[in-house]
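K.L.:
Can you keep this structure in mind? I'll have questions shortly.
Taken together, the values in this text are just the output of simple stated rules run on the coordinates, not laboratory data. On a predicted model such as this, the values are computed, not experimentally measured, just so you know. When we count neighbours, we look across all protein chains shown, and the Cβ atoms used for this are built from the backbone with ideal geometry, even at glycine.
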Amino acid sequence: MAQGGGLTDTERAAREQIRLQAVVRFEGGETNRAVAAALRVGERSVERWRRTWRERGEAGVLSQGSPGRSRLSETQIARLEREWERGPLVHG
């Protein structure tokens, strides 16, 4: 893995290839269990990929990359948590 916990471009491309292989198997009518076993991945991942594939097609299962770090400061996060605790009625 790349430093900082993110994926390198090579690792991301490898995962993308696995997802594309899953799409080919979905189109071939294979079950989630069969796809997971063939690709040596978890069945839950395959279920998620299939759902995304049905909703958004092949492009939906391609890697979107890391969401990155939060842009909020620790102070801003603390304030946000306090506001959440106050509840939705306070905020209209």
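K.L.:
How large is ³J(HN,Hα), in whole Hz, for each residue of region 22-28 in order, when computed from phi with the Karplus curve 6.51 cos²θ - 1.76 cosθ + 1.60 and θ = phi - 60°, using x for Gly and Pro?
P.N.:
Per residue, the Karplus-derived 3J(HN,Hα) values read 4, 4, 4, 5, 4, 5, x Hz.
K.L.:
Among 71-80, 27-36, 9-18, 43-52, how do they line up from the highest to the lowest mean number of other beta-carbon atoms within 10 Å? Walk me through the numbers before you get to the answer.
P.N.:
Details: 71-80: 9.8, 27-36: 14.3, 9-18: 12.7, 43-52: 16.3.
Highest mean packing first, the order is 43-52, 27-36, 9-18, 71-80.
K.L.:
Another question, if that's okay. Along region 10-16, what does the Karplus equation 6.51 cos²θ - 1.76 cosθ + 1.60 (θ = phi - 60°) give for ³J(HN,Hα), rounded to whole Hz, x for Gly and Pro?
P.N.:
Working through the residues one at a time gives 5, 5, 5, 5, 5, 5, 4 Hz.
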